[in-house]
1. Taking segment 253-272, which residues are assigned to a loop (DSSP other than H, G, I, E, B) and touching a residue at least 12 places away in the same chain (Cβ under 8 Å)?
2. Of all the residues that make up segment 158-181, how many are buried (at least 22 other Cβ atoms within 10 Å of the Cβ) and out of contact with any strand residue (DSSP E or B) (no Cβ under 7 Å at 6 or more places or on another chain)?
3. State all residues of segment 84-121 that are of a type in the set (Gly, Ala, Ser) and outside any helix (DSSP H, G or I); if no residue qualifies, say none.
4. Listed residues 193, 215, 264, 257; which is at pLDDT below 95, among the basic types (Lys, Arg) and within 21 Å of residue 362 (Cβ to Cβ)?
5. Any chance segment 318-330 includes a residue that's without any contact (Cβ under 8 Å) to a residue 40 or more places away in the chain, surrounded by fewer than 19 Cβ atoms within 10 Å (Cβ to Cβ) and more than 30 Å from residue 161 (Cβ to Cβ)?
6. Could you identify the single residue in 124, 149 that is assigned to a strand (DSSP E or B) and at pLDDT 95 or above?
7. Sort through 22, 34 and tell me the only one that's modelled with pLDDT under 95, out of contact with any Cys (no Cβ under 7 Å at 6 or more places or on another chain), surrounded by fewer than 19 Cβ atoms within 10 Å (Cβ to Cβ) and closer than 17 Å to residue 114 by Cα.
8. Quick test of your reading of the structure: residue 298 fulfils all but one of (1) part of a helix (DSSP H, G or I); (2) closer than 28 Å to residue 220 by Cβ; (3) touching a helix residue (DSSP H, G or I) at 6+ places or on another chain (Cβ under 7 Å). Name the failing condition by number.
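The values are calculated or read from the model by the stated rules, or taken from the named source; none is laboratory data. Everything numeric in this text was worked out from a predicted model, so none of it was measured. Here the Cβ is made from the backbone with ideal geometry for all residues, glycine too, and neighbour counts use every protein chain on show. Remember, those area values only see protein heavy atoms, side chains included, never the ligands or the DNA or RNA. Shrake-Rupley method; radii C 1.70, N 1.55, O 1.52, S 1.80 Å.
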Amino acid sequence: MVFDIAIVGAGASGLMLASLIKNKSVCLIEANEKIGQKIKVSGGAKCNITNEKVSSSNYLGDKEFIEDILKEFSNKELLNFLNKNRLFPKVNPKIVKGTYFCQSSQEVIDMFSSLTTHVKKYLKTKVLDINFEKNFFIKTNKNIIEAKKVIIASGGLSFESLGASSIAFDIAQKFGHNIIKTSPALVGFTVQKEQFWFKNLSGISAKVEIKIDKKSFYGSLLFAHKGCSGPVILNSSLYWQKGKILIDFLPDEKIEKFLKGNKKISTAFPLAKRFMTEFLNSIDIEDKAVSQLTKEEKNKLSILKNYEFCPAGTFGYSKAEVTKGGICTQEINHKTFESLKQKNLYFIGECLDITGELGGYNFQMVFSQAVKCANSLNN
């Protein structure tokens, strides 16, 4: 059988696309034994599906292209789509501001399962190569699948344990596409020797403000045995390349407020005592009464408002939620997602050089891309 359309990858973008294709023979090719495996673990298994406010400022990539994609299928349209399919996500500001979460990730997978019953699914089927000769011949670990059009929606390099691979980039390069340098994003940071004290605080969290480049993020920082993580760190990792990050451990507070009285330093500040103890050790200040601090020591303590550090690196792709970089979007038709290098070959989803912040932005983006691509394929 020759399929009209073959979709490589049964993740968020591939499933949404498959659910929208009408009056054509479609197959989905997925390396995992079940569909939507990355959806399943997203948002703590509650699928952080979109955000109250979505704009191009929440993404890295071609801003004009991003705006066009979001106009095609907005956050409100996504919520309407979900509601029609009996899913009713709600905002949970305690986790990430403005983010819509579902009751469970499984309900999203179940929705797509019922919306794609018309699609032939090849599960536990790994794509090894694609060749073109009038039609596309997709070589897999089980068979060869022939199709008139191929859409690559196989994601990036993050979460190899969930089937992530470089196949999208390998195919893109084979057909002449450039790959913008990839790196792990929405991921924790490892630290250099000067911040090894972070590791002693593993499990403790703090509300902070982080400034990186021209961006600032407010929220929870989680100290980890490798360094630091948490929502503000994950967002910072999207914009970090090399160099310093600034942390304000006392956002919305003036440090002078806590430099009065006779309390010990470790209890005078509204921060975990364990944190203050490690911090004081790191700057060589004895935990004594605030009234005994010298002017020089007070100046040292002021770095709580402007703590600079240079990450050693990240926790890597195995812990990253997304892949930054990817297939150059200047080589993709912005109206259809068709390759400008190879007719009838399309790329959507995380494999493209468009990456969103934490908070439902990446699901919104890949769903919007799928809708835009489906509209062109259905015409």
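1. We begin by selecting, within segment 253-272, every residue assigned to a loop (DSSP other than H, G, I, E, B); these are 253-254, 259-263, 269-272.
Matches in segment 253-272: 253, 259, 260, 261, 262, 263, 269, 270, 271, 272.
2. Going through segment 158-181 one residue at a time, the tally reaches 1.
3. First pass over segment 84-121, keeping only residues of a type in the set (Gly, Ala, Ser): 98, 104-105, 113-114.
Once the filter is applied, which keeps residues that are of a type in the set (Gly, Ala, Ser) and outside any helix (DSSP H, G or I), segment 84-121 yields 98, 104.
4. Working: 193 fails: within 21 Å of residue 362 (Cβ to Cβ); 264 fails: within 21 Å of residue 362 (Cβ to Cβ); 257 fails: within 21 Å of residue 362 (Cβ to Cβ).
Answer to the selection: 215.
5. Of segment 318-330, the ones without any contact (Cβ under 8 Å) to a residue 40 or more places away in the chain are none.
Taking every residue of segment 318-330 in turn, none turns out to be without any contact (Cβ under 8 Å) to a residue 40 or more places away in the chain, surrounded by fewer than 19 Cβ atoms within 10 Å (Cβ to Cβ) and more than 30 Å from residue 161 (Cβ to Cβ).
6. Details: 124 fails: assigned to a strand (DSSP E or B).
149 is the lone residue from the list that is assigned to a strand (DSSP E or B) and at pLDDT 95 or above.
7. Working: 34 fails: modelled with pLDDT under 95.
Exactly one of 22, 34 is modelled with pLDDT under 95, out of contact with any Cys (no Cβ under 7 Å at 6 or more places or on another chain), surrounded by fewer than 19 Cβ atoms within 10 Å (Cβ to Cβ) and closer than 17 Å to residue 114 by Cα, namely 22.
8. (3)
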